[in-house]
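To keep things clear, I will list the structure first and then write my remarks on it.
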Amino acid sequence: MTRRELAGLLGAVGLGAQTPVVERARKASIAATLRAMTAERKGSYTAWFEGLAELRKELRAVMDAEAPRTLPADPTTKHFLLRAAGTPPLFNEMYTGEYVTPKAPDAFAWTEGLLGPDLVRATSRWLKKQGIDLLFVPVPKMSDIYMDRIVPRGVPADRIVAPHLRKVLFEMLSDDVEVVDLLPELLKARDVSKDPLYLPADSHWSPAGRAVAVRMLAERLGRYPAFQAAKKAAPLYTVAKSNLQYPMSVLPLLSDADKAAVEPFLHPEYDFISRLDGKPYGNYESGPVLLIGDSYSDMLGPQLAQAINAPVAMMPVPGGTVQPVKELLRNRTALGEAKVVVWVVNYAIFFLHDWAGLPEMVKREWVPKKK
């Protein structure tokens, strides 16, 4: 099926965004996630948080003891990494620990002051007025999934280490933002995956980690009639096995022993997606599904397109907070064709970075919390 033929199919069937049936399915997904998050909670969020005091003490001790790493080409710049022991060892930027064990006296007052959640709420409301659904995908970092390999004590049996962040996501869901909660599925996947869910010498997730997100997103998109029809149509893409070639950002910072330990895991196998003409997937200028967000969205688009058998247009902005929304507003063609926006942002950027500067037309949908 060509892109033109698919466009005809989408037009004939109708994507079905915000129809009563699809809206009920969207609401059901939100309700199911809320139920799951309620079930995981141990009493109040405050009591749950206080019960993990030992974990935060241990993590802070690990962070305080970490020696700086430098590069020969830039000895004045200090880098600090969290190390998860195991085979292979995994490395993550140490500052991600700051959202697990914040220095603020009151962690919940700190999260109440975060701008990102409110601006995602505003974006969701604005998109809905344009007839577009939002799937917001906050991505846990390596330290959220493998904390028991970083600290010696204090990690609970369920391995959920940041109740104050769970409260943020719960409240977003309660405000009708469809949050795709990857954390429980990633925690399950780490126990069964033959490969680590994150690249061993880089801050990003591995093909195995991305596969969890692709599966969950394909399930959500399956509620739309057009994608139900697309799944039954002839495949638009071919899949070939390949080995990832990716510049591992922290590899130069590792000791010789750690470099040797991670070396066999630097090029994991993944599905390379091509179009029917044999050309790599590349990108599309627009489409019914638009993938925006930070660098964690890299390579998610081709895998998701193959999973739903429909084009996914990608507009990643590495390190981006509100910048992806600005890019979307500038691209009127993409905005006009999109019916679902998938917004991917990792926890570190969502909880620690500056989210000021949302475009005014979207910011009008911002409803500040009542004090």
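Students often forget the sequence filter, so: which aspartates and glutamates lie under 20 Å Cα-Cα from Lys57 once same-chain residues fewer than 8 apart are removed? Those aspartates and glutamates meeting the cut-off are Glu66, Glu93, Glu98, Asp106, Asp144, Asp148, Asp158.
Using the Cβ of Ile150 as centre and a radius below 15 Å, the other residues enclosed give a net charge of 0, where K and R count +1 and D and E count -1. Enter the Cα centre distance for the pair the range 45-92 and the range 303-371, rounded to the nearest angstrom. If we compute the Cα centre of each part, the gap is 29 Å.
Check the range 143-265 and count each lysine pair with an alpha-carbon distance under 22 angstrom, considering only pairs eight or more places apart or from different chains.
Working: Lys167/Lys188; Lys194/Lys241; Lys194/Lys259; Lys231/Lys241.
Value for the range 143-265: 4.
Shown here for the range 219-325: GluC sites (Glu not before Pro) in loop regions (DSSP other than H, G, I, E, B) with at most 13 other Cβ atoms within 10 Å, namely Glu285. Note on the chain: with a GNM built from Cα contacts shorter than 10 Å, the maximum mean-square fluctuation among Pro89, Pro75, Pro235 falls on Pro75.
Taking the number of other C-beta atoms within 10 Å as the exposure measure, put Asp294, Asp158 in order starting with the fewest.
Numbers: Asp294 24, Asp158 10.
By the 10 Å Cβ count, ascending, the order reads Asp158, Asp294.
Only loop residues by DSSP count here, and only those with at most 14 other Cβ atoms within 10 Å; note down the trypsin sites (Lys or Arg not before Pro) in the range 138-247 that meet that. Answer by residue number: Arg153, Lys194.
Springs between Cα atoms under 10 Å define the GNM used for the chain, and in it the highest mean-square fluctuation of Pro302, Pro72, Pro102 occurs at Pro72.
Compared with the dominant Cα axis of the chain, that is its longest principal axis, helix 207-221 is turned about 40°. Note: relative contact order over the chain, using C-alpha pairs below 8 Å and six or more positions apart, is 22 percent. Could you give the angle, 0 to 90 degrees to the nearest 10, between helix 163-174's Cα long axis and the longest principal axis of the Cα atoms of the chain? So the inclination is approximately 20 degrees. Excluding same-chain neighbours fewer than eight residues apart, the lysines reachable from Lys326 by a Cα-Cα span under 19 Å are Lys128, Lys129, Lys339, Lys363.
When the chain is treated as a GNM with alpha-carbon contacts under 10 Å, the residue of Asp277, Asp175, Asp74 showing the greatest mean-square fluctuation is Asp74.
Restrict the search to the range 72-132; then list the GluC sites (Glu not before Pro) that DSSP places in a loop and that have at most 16 other Cβ atoms within 10 Å of their Cβ. Don't skip to the end; give the middle numbers.
Numbers: sites: Glu93, Glu98, Glu112; in loops: none.
Here no loop site has a sparse enough neighbourhood.
Taking the charge dipole of the range 3-363 about its Cα centre, with +1 at Lys and Arg Cβ atoms and -1 at Asp and Glu Cβ atoms, the residue from Pro252, Pro359, Thr96 reaching farthest to the positive side is Pro359.
Every read-out reported here was derived from the displayed coordinates using simple, explicitly stated rules and does not represent laboratory data. Keep in mind that what you see is a predicted model, and the values were worked out from it rather than measured. Here the Cβ is made from the backbone with ideal geometry for all residues, glycine too, and neighbour counts use every protein chain on show.
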